[in-house]
1. From GLY86, GLY41, GLY12, grab the single residue that is over 14 Å from the mean Cα position of the chain (by Cα), of a type outside the set (Asp, Glu) and at pLDDT below 90.
2. With the requirement that a residue be surrounded by fewer than 16 Cβ atoms within 10 Å (Cβ to Cβ), in contact (Cβ under 8 Å) with a residue 24 or more places away in the chain, in a helix (DSSP H, G or I) and not small (Gly, Ala, Ser), what does segment 77-108 give you?
3. Exactly one of these conditions fails for PRO132: (1) modelled with pLDDT of 90 or more; (2) assigned to a loop (DSSP other than H, G, I, E, B). Give me its number.
Amino acid sequence: MSKIDRLCDQLGIKIVPYRRRRRPRQTHARQVMRRIVLKHGEGHLLFVLKAILWSRNNTAELWSETILAVSDVVLDFPEWAEARAGDFMAAFDAIDLAVIRRDAMAGRRFSKRSRIYMILVIALRSLLNPAPQGELL
């Protein structure tokens, strides 16, 4: 059993072959997760996967682009992920990653990963740093 398989097993995630249809808590993204562990470590990948799985609504959203976009957010906004980890995880209860992914698939100018990232940052910013009454974002 590989390191990635063991990490996923800890979270109840099963890695399935590409030719098989995925179900909740299943993914095809073995290579993406392997790259994340090599670049940023096991703890980072566990945090990213837990954020996605935090909400029951998002358990089927273990797509490679989504995993990478959440990883990018964690790396780019450490003040959300590290200092306010509980709030960061809780924010995913209010975020529907399936809708974000569907919206991100509409454009062609940027990669799907980049579009998911941008939409996710906007959603998280409004949840974690709400603008005071009368102020614009």
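1. Working: GLY41 fails: at pLDDT below 90; GLY12 fails: at pLDDT below 90.
On inspection, the qualifying residue turns out to be GLY86.
2. ASP87, the sole residue that qualifies.
3. (1)
The values are calculated or read from the model by the stated rules, or taken from the named source; none is laboratory data. Quick caveat, the model's predicted, so the values are computed rather than measured. All Cβ positions, glycine included, derive from the backbone under ideal geometry; neighbour counts span all protein chains shown.
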